[in-house]
Amino acid sequence: MAPPTTTPKRAKQRRGEGQWALGYREPLNPNERSKKDDNPLNVRARIETIYAKGGFDSIDPADLRGRFRWFGLYTQRKPGIDGGRTATLEPEELDDEYFMLRIRIDGGAVTTEQLAIIGEISQTYARDTADITDRQNIQYHWIRIEDMPAIWDKLEGAGMTTMEACGDSPRVILGSPVAGIAENEVLDGTPAIDRIKDTYVGDKAFSNLPRKFKTAISGIQDVAHEIHDVAFVGVVHPEHGPGFDVWVGGGLSTNPMIGQRLGAWVPLDEVPDVWAGVISVFRDYGYRRLRHRARIKFLVADWGPEKFREILESKYLGRALVDGPAPKVLDRPVDHIGVYPQKDGKFYVGAAPIAGRVSGSVLVEVAKAAERAGSRRVRFTPQQKLLVLDVPEGDVPGLKAELGKLGLQVDPSPWRRGVMACTGIEFCKLAIVETKARAADLVAALETRLADVQAGIADPVTVHINGCPNSCARIQTADIGLKGQIVTDGDGNQVEGFQVHLGGGLGLDAGFGRKLRGHKVTATELADYVERVVRNYVKQRTEGERFAQ
Ligand code: SF4
């Protein structure tokens, strides 16, 4: 009789994925080797004692292009290298001696004192650069390694950190920017965010994950929970009351997947334990052999949510989770731009920079303006915007005017409101095209060209611009998603341009935009193209129909 073939085949597959829980701890690629050689959290001491004194040339390449990320540091792109050469150069040819530095701001929550310090650090050490990212972080550029001890002193003295802002680690936790004040939230997830951050960020038990691990926790559906590695979404259980519905395995990049519900309801005080269980499953069973398969979404796709929940419960939590209902999906996306009442009778004011680009000086002035309006709290949003909380009604008009003078519009056009852009070729070593400046040009062009139709558009038309095939600006979830690449123009020249994805969305319309085959636009034709698409939408839509429908 022929021997059974299934067992050896399965064993081969398991070995091939490099899962720790199945006994395969031998590093299988250079990233795994680097993390095994030295825990990335140890790099902080070397930065302070060696590299900050010795300067850029003293940095070990394994730290420079690997472990530095665990403290929010990436080398930025050398100026002047065009996108057509990105894929052809060695990392050291792309590396500038300056750094991007990311501050993790869990829940996007800062006090006005912290905001002023963020701005002042930028003015002193970062050539006044500051971008609000779509993960509620602040990102600086032009940082010198020599200045990092002083920067950490200032940040940490004000209760902020760059720890695990990047790297194969538990990244910043997205939270509702209106947590605790919104009239319509199921519950406030802030205590869970704080406890996870205080307990597990910087814990060596979770500092060597297969890849990055993104978390969202919100009592309102305003943090793109569908595309997170793990998400806790506010829901009311018919017997147990308010709590969270657990989702796992969402993510974008080159293999976008919508997260899957475990069908479990978790009360607020159990969220940190369940979070620790989920990230432990990922650490132990995640696929470490191939980096492009190392996100939790591939494991969830292979196992399915039932097996994932069973392993989580039996091996990590030691108990069964409570079954729970699905949250009611919001019928419109929420971005909090404008002026809204809080449940305590005050107001919050949401304002739009273009694609998150602000500056240290602007942030310092926002802090002052907020304080003049009686506020002590500011929030960054997952749409690269900012909110000032706790404003008495009588102070709203003055604050709106002050924010407007800073380029932060409270009543923006649908294009300014809906545009997002990643870092792009200005600073990102993976980029193929320019993004932030292009977003600003596009908004200016559309505000002129489409002035006749914009009053009739109730929801922002979302235009997300990426500088490369990664999806830092979430292109697959936009009405119009633009993936940067080199394209051929009408005269046969190779120029900057975009692959177009149309009709993506989250919430009620959750799904990824259709990549239209061969549908590419050059950067110089971008405004023409978007204008054409919007005019067609305006002409053809039925009453109340949104773009993604
Ligand atoms: Fe860089 Fe690409 Fe991410 Fe943009 S999408 S920030 S170009 S890696």
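Just so you know, all these numbers are worked out from the coordinates, no wet-lab data involved. Every value quoted in this text rests on a predicted model; they were computed, and no experiment measured them. Positions of Cβ are backbone-derived with ideal geometry, glycine not excepted, and every protein chain shown enters the neighbour counts.
Across the chain, Cα pairs under 8 Å and at least six residues apart give a relative contact order of 13 percent. By the helix-only formula, in which each DSSP H run with n ≥ 4 contributes -39500 (n - 2.57) and the sum is divided by residues, the chain has a 222 nm mean residue ellipticity of -8000 deg cm²/dmol. From the residues 272, 39, 392, which one has its Cα farthest along the dipole of the chain in the positive direction, the dipole being from +1 and -1 charges on Cβ of Lys/Arg and Asp/Glu about the Cα centre? My answer, from the dipole projection, is 39. Among 135, 532, a tally of other beta-carbon atoms within 10 Å of each Cβ gives an order, fewest to most, of 532, 135.
Evaluate the charge dipole of the stretch 101-160 about its Cα centre and quote only its size in Debye, nearest 20, assuming +1 on the Cβ of each Lys and Arg and -1 on the Cβ of each Asp and Glu. Display every interim value, and only then the final one.
Values: 6 positive and 10 negative charges, 30 e Å.
Rounded to the nearest 20 debye, it is 140 debye.
Translational diffusion of the stretch 29-166, estimated by Stokes-Einstein from the Kirkwood radius over alpha carbon pairs at 4 °C in a medium of 1.567 mPa s, is 83 µm² per second. According to the square roots a ≥ b ≥ c of the eigenvalues of the Cα gyration tensor, what is the shape class of the chain, taking rounded for a/c under 1.5, prolate for a/b larger than b/c otherwise, and oblate for the remainder? Cα axes put the chain in the rounded bin.
The lysines whose alpha-carbon is closer than 27 Å to the alpha-carbon of residue 405, local same-chain residues fewer than 8 away aside, are 346, 368, 385, 436. Listed by chain and number, the lysines placed with their C-alpha closer than 21 angstrom to that of residue 429 are 78, 212, 483; residues fewer than eight positions away on the same chain are left out. By the beta-carbon count within 10 Å of each Cβ, the least crowded to most crowded order of 488, 215, fewest first, is 488, 215. Here's the picture: charge each Lys and Arg Cβ at +1 and each Asp and Glu Cβ at -1 in the stretch 375-449, and of 422, 381, 446 the one pushed furthest to the positive end of that dipole is 422.
Note on residue 494 and residue 326: their simple-model spin labels are 4.6 nm apart, each label 7 Å out from Cα toward Cβ. Could you work out the Rg to Rh ratio of the stretch 353-426, with Rh taken as the Kirkwood radius (inverse of the mean 1/r over all Cα pairs)? Rg divided by Rh gives 0.98. For 207, 218, 122, the sequence from fewest to most other C-beta atoms within 10 Å is 207, 122, 218.
Quick one: check the C-alpha center-to-center distance for the stretch 166-216 versus the stretch 278-344, whole angstrom. Each part's Cα centre sits 12 Å from the other's.
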